[in-house]
Amino acid sequence: MVKKIYFAGPDVFFPNYPEKIREIQALGAKYNFSPLCPGESPETDPTVIYQKNLALIEEAHGLIANLNPFRGQEPDSGTAFEVGYALAKGKWIIGYLTDLRDLKTKIHSKVKGPQSSVILPDGSIAEDFGLPVNLTLALAAKRLVPNLEAAVLAAVAFKLLG
């Protein structure tokens, strides 16, 4: 049985998304999985888009999430929701982001907070757990890797495909 993987991420918001889908499809052909990509249909109703994406996640065996910062310092909020939804549905998750340094290092704040955390200009605390994203996203994933193909290879290594 060919496994199905849902690809979550803000890629759908960029003009090169059709190229990204072709890259994902090529990886699917190479590693024997069926990609499920949101936004492939020209839907414009937000409720229908939401329902279709949830249905695709439910159909999938697992989820690969682009956790790179989007519109700020954090991953896309829609992607974070999809990761949580997939986790609640018992799906495996692999995340990728280019900068795998820990969150505290990426923040660049010199203001020390409690228990080796740092304080941001807005007064919030960046935790120091040695993780590259918020602990809920980092720990939901079986692995965090630097790019899309590495995420697929991690799924192969974990024997999640095939």
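Miscellaneous remarks
- Spans of helices (runs of 4 or more DSSP H) in region 72-161 with at least 1 residues free of Cβ contacts under 8 Å to residues at least 60 places away in the same chain and of a type in the set (S, T, Y): 77-88, 103-107, 135-140
- Summed over region 26-46, the residues that are surrounded by 12 or more Cβ atoms within 10 Å (Cβ to Cβ) and either part of a helix (DSSP H, G or I) or without any contact (Cβ under 8 Å) to a residue 24 or more places away in the chain (or both) give a count of 6.
- So K106, is it of a type outside the set (V, I, T) and modelled with pLDDT of 80 or more: yes
- Only listed residue being farther than 30 Å from I125 by Cβ, within 15 Å of the chain's Cα centre (by Cα) and assigned to a helix (DSSP H, G or I), chosen from I49, I57: I57
- Flag for A65 being closer than 19 Å to L139 by Cα and part of a strand (DSSP E or B): yes
The values are calculated or read from the model by the stated rules, or taken from the named source; none is laboratory data. Keep in mind it's a predicted model, so treat the numbers as computed, not measured. With ideal geometry, Cβ positions are generated from the backbone for all residues, glycine too; neighbour counts draw on all protein chains shown.
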